[in-house]
Amino acid sequence: MSYEWTEPTRPSRRRLAEQPSQFSREQVAHAMERSVDALAAQQTPEGFWCGELTADTTLESDYILLQLWLNQPDESGWNPPTRERIGRAAQSILERQMPDGGFNIYAGGPSEVSATIKAYCALKLAGMAPESDAMRRARERTLALGGLQAANSYVKINLSLFGLYPRKHAPSVPPEIVMLPGNVLYEMSSWTRSILVPLSIVQARGSNRRAPAGFKLDELLLPGVSLALPKRWGLSVLFHQLDRVFKVWEKRGSERIRAAAIREAERWILTRTRHTEGLGAIYPAMMYFIMALEALDYAQDHPDRVEAIRHFESLLIETEDRFIFQPCVSPIWDTAICAYAMGEAGLKDDPRLTRTADWLISKEVRRKGDWSIKRPDTEPSGWAFEFANEFYPDIDDTAMVLLALMHAKGSNPDLQAACERRAINWLLAMQSGDGGWAAFDVDNNWAVLNQVPFADHNAMLDPTCPDITGRVLECLCRRGMAGHEAVRRGVAYLLGAQEKDGSWYGRWGVNYIYGSFLAMRGLAASGAAGAGDALDRAAKWLRAMQNPDGGWGESCASYTRDCFVPAPSSASQTAWALLGLRAAGDSQSVPFRQGVEYLLGLQTADGTWPEGATTGTGFPNVFYLTYAMYRDYFPLLALSQVGD
């Protein structure tokens, strides 16, 4: 869903004061009651919630390319079942074409070159004539954005697998990376390593795939522009030279060493599909895993291949009028925030939350994963984002579940207490050296890796960030640990990370509003000396960013510009701003009351809130997320704070 907007004019304090808020406590209570009922209606019998998690057209485009890998068409074209699925995917892509012919990566955003190239290629593979209006406009938009040469590395790598882009100009991902000394692989972010290892097998073993006869994308090349890998700065020159070495090695290197590397990479990916729902439980890693098994000649009925495809296709939302892939699923995340919001809204000793607690406790990770490379002596615990992803519990989900379990009490108190103790100890062990917390790993900040040729997905590393650190601090402090040394270090990290304007950067939500509200809640919960001034500055910034309608909105473009970029008000971002203001002690100012009134006026009769904005972040500037439930549980959480 996309919409058009013009940048709002910042309201003056006088203008806001001329619009007095009229809501009452009874109105807030009624809105919360309806919201709780709406959320309860979406709870499964097992006790969890799982809203849709969607992104842009690149997933459907990649799906069509995957079909080309798995089902090479013959002279008569695709086999009938494949043709039907490709047709549905193509229609889904086409429905989201922008008026200028391109495809964007977030609602309301401009056309983006890599997404547009992927869509064009997928539509052409699906049989759409290059002379058609839709294809002509996509082609023109691609050339206006820099042509195929401007695509990111993963587009070039994927196309090179089929002879659609020169292999010598696409970055190499050698399988030998799994054999590098010093655990270099684990200095990359968890999602990067789960993508790169299967991709390395695909590059090493998958040279026999080709696009259909006569199929080319030469029309997307911008005349006069080199296809060579772009040079950036500093050590990137060295990495470009290494890329050349890798390409020579592919042709002339030791077959014995290459074979050993492929075997080790194969072992690595297979191990990490046990006790999980697909490699990394994320779309790109799962896709490359399937391609790797095919490249390794796994039979179609091999259990690992069958299971890999089953997990991958479980990401598909397919109805009579929809064909959309999710990048992953979010049951732990949605469940934890739902339970916490409902508990904060006053739900106590409710059987619905008992079911939730029992379900969450059953999902605690009890096996060591990649995180244990740097924390080998830590007892495993924590929670993943998905139903099952035992190798990759994440810090953000773990903190959120621990907050939820403050309200959701399971049927076995002793079991719950032991689970919570392990999870808290795991959180403490996962604090990085700078005092902050990252998503999956500790001290995953080896900046030199951002210089490698395939690092332009903007997520090569998993550094600490204010949003996760703020949530962890809130979690620990709400559990009586405000005096702990880890909290002191976390507070120091947040105070040092505050922007000059008073805001905080948000890595996993869009963007400064998200980072600010979580940092503010963490600092407020700590009660630390020095936090008061930081909170006042942040509250002043939030009030200044309010839209004329009383709500708040922020565009994904704020990542591109490295500063706040306003957007039309949204339910989730308004809720985040209110939560931030409340953390700073503001519950009576005109901006705060205007924000509450905005949420009350926006709520629908069924207790939910509408929202067309993209407010979740996967990889800044590259990949964004739309969480279907953000618009509902975050407003409830914000309203629950109004009467405090």
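The values are calculated or read from the model by the stated rules, or taken from the named source; none is laboratory data. Just so it is clear, the model here is predicted, and its values are computed rather than measured. Note: ideal-geometry Cβ built from the backbone for every residue, glycine included; neighbour counts use all protein chains shown.
Can you confirm whether the range 332-351 contains a residue that is surrounded by 15 or more Cβ atoms within 10 Å (Cβ to Cβ) and at pLDDT below 95? Looking for residues that are surrounded by 15 or more Cβ atoms within 10 Å (Cβ to Cβ) and at pLDDT below 95, one finds at least one in the range 332-351, hence yes. Output yes when any residue across the range 509-519 is in contact (Cβ under 8 Å) with a residue 12 or more places away in the chain and more than 16 Å from G580 (Cα to Cα), and no when none is. No: zero hits. For the range 527-534, state whether one or more residues are closer than 29 Å to C338 by Cβ and not aliphatic (A, V, I, L, M). So far as the range 527-534 goes, yes, one or more of its residues are closer than 29 Å to C338 by Cβ and not aliphatic (A, V, I, L, M).
Within the range 526-537, is there a residue that is within 30 Å of P110 (Cβ to Cβ) and either in contact with a Cys (Cβ under 9 Å, 6 or more places away or on another chain) or part of a helix (DSSP H, G or I) (or both)? No. Applying the criterion of being exposed (fewer than 15 other Cβ atoms within 10 Å of the Cβ) and of a type outside the set (S, T, N, Q) to the residues of the range 19-28, the residue that is modelled with the lowest pLDDT is P20. Within the range 345-362, being under 23 Å from L415 (Cα atoms), touching a residue at least 12 places away in the same chain (Cβ under 8 Å) and either assigned to a loop (DSSP other than H, G, I, E, B) or of a type in the set (D, E, K, R) (or both) holds for L347, K348, D349, R352, R355, D358. Determine, yes or no, whether Y505 is within 23 Å of W333 (Cβ to Cβ), in contact with a Gly (Cβ under 6 Å, 6 or more places away or on another chain), surrounded by fewer than 21 Cβ atoms within 10 Å (Cβ to Cβ) and modelled with pLDDT of 95 or more. For Y505, the condition - within 23 Å of W333 (Cβ to Cβ), in contact with a Gly (Cβ under 6 Å, 6 or more places away or on another chain), surrounded by fewer than 21 Cβ atoms within 10 Å (Cβ to Cβ) and modelled with pLDDT of 95 or more - is met. Looking only at the range 621-644, residues that are surrounded by fewer than 20 Cβ atoms within 10 Å (Cβ to Cβ) and either within 28 Å of A151 (Cβ to Cβ) or of a type in the set (D, E) (or both) come to 3 in all.
Of all the residues in the range 294-335, those that are in contact (Cβ under 8 Å) with a residue 12 or more places away in the chain, in a helix (DSSP H, G or I), closer than 16 Å to Y63 by Cα and not small (G, A, S) number 4. Going residue by residue through the range 38-53, is there one that turns out to be surrounded by 21 or more Cβ atoms within 10 Å (Cβ to Cβ) and assigned to a helix (DSSP H, G or I)? Yes, the conditions are met somewhere in the range 38-53.
Applying the criterion of at least 2 residues that are out of contact with any helix residue (DSSP H, G or I) (no Cβ under 8 Å at 6 or more places or on another chain) to the helices (runs of 4 or more DSSP H) found wholly in the range 549-631 leaves 557-561, 590-602.
Among the candidates S207, S194, the residue that is of a type in the set (S, T, Y), at pLDDT below 85 and within 26 Å of F162 (Cβ to Cβ) is uniquely S207. Criterion first (closer than 29 Å to S92 by Cα and hydrophobic (A, V, I, L, M, F, W, C)) does I337 satisfy it? So I337 does not fit the description; no. Would a scan of the range 527-539 turn up a residue that is in contact with a Phe, Trp or Tyr (Cβ under 8 Å, 6 or more places away or on another chain) and more than 20 Å from D586 (Cα to Cα)? No, the range 527-539 contains no residue that is in contact with a Phe, Trp or Tyr (Cβ under 8 Å, 6 or more places away or on another chain) and more than 20 Å from D586 (Cα to Cα). Of all residues in the range 382-425, those that are farther than 13 Å from R366 by Cα, of a type in the set (A, V, I, L, M, F, W, C) and either buried (at least 24 other Cβ atoms within 10 Å of the Cβ) or in contact (Cβ under 8 Å) with a residue 24 or more places away in the chain (or both) total 14. A search for C-beta distances below 7 Å between a residue of the range 212-234 that is under 30 Å from R83 (Cα atoms) and any residue that is modelled with pLDDT of 90 or more and among the basic types (K, R), counting only pairs 6+ apart in sequence or on different chains, returns E219/R139; L220/R139. Cβ-Cβ contacts under 6 Å between residues 6 or more apart (or on different chains), taken from a first residue in the range 631-644 that is touching a residue at least 40 places away in the same chain (Cβ under 8 Å) to a second residue that is among the aliphatic types (A, V, I, L, M) and in a loop (DSSP other than H, G, I, E, B), are listed as L636/A345; S640/A345.
Scanning the range 546-558 for residues that are surrounded by fewer than 24 Cβ atoms within 10 Å (Cβ to Cβ) and out of contact with any Gly (no Cβ under 8 Å at 6 or more places or on another chain), we see that the one that is nearest to D456 (Cα to Cα) is S558. In the range 527-555, the qualifying residues are those that are in contact with a Ser or Thr (Cβ under 6 Å, 6 or more places away or on another chain) and among the hydrophobic types (A, V, I, L, M, F, W, C), and the one that is farthest from S570 (Cα to Cα) is A538.
The lone criterion from (1) surrounded by fewer than 24 Cβ atoms within 10 Å (Cβ to Cβ); (2) among the polar types (S, T, N, Q); (3) part of a helix (DSSP H, G or I); (4) in contact with a helix residue (DSSP H, G or I) (Cβ under 8 Å, 6 or more places away or on another chain) left unmet by N158 is number (1).
Scanning the range 372-409 for residues that are of a type in the set (D, E, K, R), over 20 Å from G480 (Cα atoms) and touching a strand residue (DSSP E or B) at 6+ places or on another chain (Cβ under 7 Å) yields a count of 1. Of everything in the range 128-157 that is within 18 Å of G77 (Cβ to Cβ) and in contact (Cβ under 8 Å) with a residue 24 or more places away in the chain, the residue that is farthest from the chain's Cα centre (by Cα) is P130.
The rows are residues; the columns are (1) in contact with a Leu (Cβ under 8 Å, 6 or more places away or on another chain); (2) closer than 18 Å to L473 by Cα.
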site	(1), (2)
V401	yes, yes
P413	no, no
A417	no, no
N425	no, yes
Q431	no, yes
Q451	yes, no
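Among residues of the range 363-379 that are closer than 27 Å to G47 by Cα and in contact (Cβ under 8 Å) with a residue 12 or more places away in the chain, those with a beta-carbon under 7 Å from a residue that is hydrophobic (A, V, I, L, M, F, W, C) and assigned to a loop (DSSP other than H, G, I, E, B) at least six positions away or on a different chain give the pairs V365/A384; G369/F391.
Go through the range 480-497 residue by residue and tally those that are closer than 15 Å to W426 by Cα and in contact (Cβ under 8 Å) with a residue 60 or more places away in the chain. Number of matching residues: 0.
Checking each residue in the range 252-276 for being modelled with pLDDT of 95 or more and acidic (D, E) picks out E264, E266.
Applying the condition of being touching a residue at least 60 places away in the same chain (Cβ under 8 Å) and among the polar types (S, T, N, Q) to the range 535-568 and asking which residue is nearest to A638 (Cα to Cα) yields Q546.
Between S381, S411, the distinction of being among the polar types (S, T, N, Q), touching a Cys at 6+ places or on another chain (Cβ under 9 Å) and farther than 23 Å from A285 by Cβ belongs to S381 only.
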